[in-house]
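Visitor: Following this message is one structure expressed as structure tokens.
The values are calculated or read from the model by the stated rules, or taken from the named source; none is laboratory data. In this text the structure is predicted, and so the values were computed from the model without any measurement. Here the Cβ positions follow ideal geometry from the backbone for every residue, glycine too, while neighbour counts run over all protein chains shown.
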Amino acid sequence: MNEANSDLIVMKFGGSCFKDVESLSQTTSIVKDYLESAKLIVVTSAFKGITDKLIDFYDKSCSDGDECKVIINEIEDFHLKFINKNIDKKKPDYQETLDFLDTNINELTQLGRVVRLLRPSLDIQDLIMSYGEKLSTYIVSKYLNSIGLKAKFISSDEIILTDDNFGRALPLLDETEELVQERVTPLIKSNNCDLVCVTGFYGSTKDKKITTLGRGGTDLTAAIMAYSLTPNFKSKVIYWKDVQGFLDADPRISNKASLLKYISYLEAKELAFFGSKVLHPLCLDVNEKRNIPSEIRPFNDPKAAEYTTITKEAQKGDKIIKAITSIERISMVTIESGTMISLPGTAAKLFNLLGDNNINIKFISQSSSENNITFGIDLEDSMRVSFLLRNSDWFGKQWFSIKIDNDISLIAVIGAGMLHTPGIAGKVFTTLGNNDINVRAIAQGSSELNITIIVQRKDCKDAVNVLYDAFID
């Protein structure tokens, strides 16, 4: 079958792709089908539920919990059952996999003791969390070998270099590209290798400390692999997901939501930032840098004719607005003072304070009079931001008024077609006004890819639906 027009495909499989016999059979079928037309790199998440157990193990180790041994036994038993059920005991792969599991379980047990001695440490936490992907990917590679496919295993800490921001490290792309080409390219070109299995979610610093890549880390690993190999291969990335692809609205809010078959990276990043959790914006950014085509395909229907394709170029002649998305629960903070005009550096001090405390800003709006700054944050950060502002040397002074509204939602109108198209903002506000929906704040970036509107939470669903009807349906 001619499933691809590339000679190298990087595939990402999540933990749910290996949760039972049926899903493993589905994964195997996908791999075999695509091997008929291309060499493969398979990037794998931890088995479903294992990362949570590893986090629990770390937490219990920090608090001298007696349950640590129970958790370790559960992790070992889960992987042992998978091995016994799926790898032929007569094949050498079976004993090699058992030995690998035994070695890594012993290492984890020792790490638990280290945590009890050293107390909490982000680098040790990252190291412990990496064992989920290490075990799943090695076991899957050996399973594929046992059924006759020539699979090679590589742990990503050997080829992906990152900074030392433990918990959500960023890749060092130039150094990583050199390592990936050195280690992986010969395997891809070899007749003794059909596919390379690479662990997702983690890398390492230059001094060999394991780092995790944060939410969407395995998706990011797949993007990094394609980025590093594109100079030598015509490549693309396929992300196998539990969903069909990007939708033009949240189906929980709009019953008219439909699949976006084609979308640009710029639009996809906006969608990912404003509520859609299909792919992480950083993963999309890495793919965009080298114009690598990406596909989001439904794992449960791998031969479906409809899925999302992401490319660098926006589709010409397409709808002006691609999607109406939302973040239902956020907080809006307004800092107001007549003295802000005469106090240069207020915005810089605000953003430094929030950045130093790992507070993510969802939107920013400032009046032209410079009397106030309004910004959005995650609802969970509301109390912490209130405390930081009211107790800071700068904003805690009496001439600043600090207001926080925890009962709001963010609506984002997204589409590359807005660029140079007059009247979009006017139609947005007219549509909302005609439906008695009050706009609390607005923001629009210079890219003109989205208009961000803030409304009361009670109006969120209505706002999404009336805008969807006005622009998309």
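Visitor: When you scan region 8-22, do you find a residue that is β-branched (Val, Ile, Thr) and modelled with pLDDT of 90 or more, even just one?
Guide: Yes, region 8-22 has at least one match.
Visitor: Please state which one of LYS152, LYS134 is within 17 Å of SER45 (Cα to Cα), in contact (Cβ under 8 Å) with a residue 12 or more places away in the chain and part of a helix (DSSP H, G or I).
Guide: LYS134
Visitor: Here is a follow-up. I need every pair where a residue in region 223-242 that is farther than 14 Å from VAL286 by Cα and of a type in the set (Lys, Arg) has its Cβ under 7 Å from the Cβ of a residue that is surrounded by fewer than 24 Cβ atoms within 10 Å (Cβ to Cβ) and at pLDDT below 90, sequence separation at least 6 or different chains.
Guide: LYS234/SER6; LYS234/ASP7; LYS241/VAL278
Visitor: Scan region 197-216 residue by residue and report those that are of a type outside the set (D, E, K, R), assigned to a loop (DSSP other than H, G, I, E, B) and over 17 Å from the mean Cα position of the chain (by Cα). Quick ask: steps written out before the conclusion?
Guide: Filtering region 197-216 for residues of a type outside the set (D, E, K, R) gives 197-205, 210-214, 216.
Now restrict to residues that are assigned to a loop (DSSP other than H, G, I, E, B): 200-201, 205, 213-214, 216.
Answer for region 197-216, where residues must be of a type outside the set (D, E, K, R), assigned to a loop (DSSP other than H, G, I, E, B) and over 17 Å from the mean Cα position of the chain (by Cα): just THR205.
Visitor: Look at region 73-118 and say how many of its residues are surrounded by 15 or more Cβ atoms within 10 Å (Cβ to Cβ) and not in a helix (DSSP H, G or I).
Guide: Here the count works out to 2.
Visitor: Can I ask one more? Which one is nearest to PRO186 (Cα to Cα), of the residues in region 23-71 that are surrounded by 15 or more Cβ atoms within 10 Å (Cβ to Cβ) and among the acidic types (Asp, Glu)?
Guide: Looking at residues that are surrounded by 15 or more Cβ atoms within 10 Å (Cβ to Cβ) and among the acidic types (Asp, Glu), I get ASP56.
Visitor: Any idea which of LYS256, LYS208 is under 23 Å from TYR468 (Cβ atoms) and either of a type in the set (Lys, Arg) or assigned by TED's automatic domain parsing to the domain that holds TYR143 (or both)?
Guide: Only one candidate qualifies: LYS256.
Visitor: Return the pair list, or none, for Cβ contacts closer than 7 Å from residues in region 457-469 that are in contact (Cβ under 8 Å) with a residue 24 or more places away in the chain to residues that are of a type outside the set (A, V, I, L, M, F, W, C) and assigned to a helix (DSSP H, G or I), at least 6 apart or on different chains.
Guide: Pairs found: VAL466/THR431; LEU467/THR431.
Visitor: Hey, could you check region 83-138 for residues that are out of contact with any Phe, Trp or Tyr (no Cβ under 8 Å at 6 or more places or on another chain) and hydrophobic (A, V, I, L, M, F, W, C) and say which is farthest from ASP56 (Cα to Cα)?
Guide: Top of the filtered list is LEU98.
Visitor: Here's something else I'd like to know. Only one of (1) closer than 21 Å to SER45 by Cβ; (2) outside any helix (DSSP H, G or I) fails for ILE139. Which number is that?
Guide: (2)
Visitor: Inside region 325-345, can you point out the residues that are surrounded by fewer than 20 Cβ atoms within 10 Å (Cβ to Cβ), at pLDDT below 80 and closer than 22 Å to ILE442 by Cβ? Reasoning before the result, please.
Guide: Step one: list which residues in region 325-345 are surrounded by fewer than 20 Cβ atoms within 10 Å (Cβ to Cβ), which gives 328-329, 334, 336, 338-339, 341-345.
Next cut, at pLDDT below 80 only: 338-339, 341-345.
Hit for region 325-345 is ILE341, nothing else.
Visitor: Any residue at all in region 358-367 that's of a type in the set (Ser, Thr, Tyr), over 21 Å from the mean Cα position of the chain (by Cα), under 20 Å from THR452 (Cβ atoms) and not in a strand (DSSP E or B)?
Guide: In the first step, residues of region 358-367 are kept if they are of a type in the set (Ser, Thr, Tyr); the result is 365, 367.
Next cut, over 21 Å from the mean Cα position of the chain (by Cα) only: 365, 367.
Subsequent filtering for residues that are under 20 Å from THR452 (Cβ atoms) retains 365, 367.
Now drop any that are not not in a strand (DSSP E or B), which leaves 367.
Taking every residue of region 358-367 in turn, at least one turns out to be of a type in the set (Ser, Thr, Tyr), over 21 Å from the mean Cα position of the chain (by Cα), under 20 Å from THR452 (Cβ atoms) and not in a strand (DSSP E or B).
Visitor: Right, something else. Quick check: anything in region 52-64 under 20 Å from VAL198 (Cα atoms), hydroxyl-bearing (Ser, Thr, Tyr) and in contact (Cβ under 8 Å) with a residue 60 or more places away in the chain?
Guide: Scanning region 52-64, I find no residue that is under 20 Å from VAL198 (Cα atoms), hydroxyl-bearing (Ser, Thr, Tyr) and in contact (Cβ under 8 Å) with a residue 60 or more places away in the chain, so the answer is no.
Here's the yes/no breakdown for (1) at pLDDT 85 or above; (2) under 16 Å from the mean Cα position of the chain (by Cα):
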position	(1), (2)
LYS241	yes, yes
PHE246	yes, yes
ASP250	yes, no
LYS269	yes, yes
PHE274	no, yes
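Visitor: Say whether the condition of being part of a strand (DSSP E or B), in contact with a helix residue (DSSP H, G or I) (Cβ under 9 Å, 6 or more places away or on another chain), at pLDDT below 95 and surrounded by fewer than 17 Cβ atoms within 10 Å (Cβ to Cβ) is met by at least one residue in region 421-438.
Guide: Within region 421-438, none of the residues are part of a strand (DSSP E or B), in contact with a helix residue (DSSP H, G or I) (Cβ under 9 Å, 6 or more places away or on another chain), at pLDDT below 95 and surrounded by fewer than 17 Cβ atoms within 10 Å (Cβ to Cβ).
Visitor: State which residue pairs qualify: first residue under 12 Å from THR137 (Cβ atoms) and inside region 191-209, second residue among the charged types (D, E, K, R) in any location, beta carbons under 6 Å apart, and separation of 6 or more residues or different chains.
Guide: VAL196/LYS152; THR199/GLU133; THR199/LYS134; GLY200/GLU133; PHE201/GLU133
Visitor: Now for a different question. For region 281-306, how many residues meet the condition of being assigned to a loop (DSSP other than H, G, I, E, B) and surrounded by fewer than 22 Cβ atoms within 10 Å (Cβ to Cβ)?
Guide: Result for region 281-306: 11.
Visitor: Only one of LYS32, LYS12, LYS53, LYS60 is part of a strand (DSSP E or B) and among the charged types (D, E, K, R); which?
Guide: Only one candidate qualifies: LYS12.
Visitor: Pull out all pairs, ordered by first then second residue, where Cβ-Cβ is under 7 Å, the residues are six or more apart or on different chains, the first lies in region 93-117 and is in the same structural domain as ILE210 (by TED's automatic domain parsing), and the second is among the small types (Gly, Ala, Ser).
Guide: ASP93/SER146; GLY112/SER61; VAL115/SER61; ARG116/SER61
Visitor: Another question about this same structure. Exactly one of (1) part of a helix (DSSP H, G or I); (2) exposed (fewer than 14 other Cβ atoms within 10 Å of the Cβ) is unmet by ASP393. Its number?
Guide: (1)
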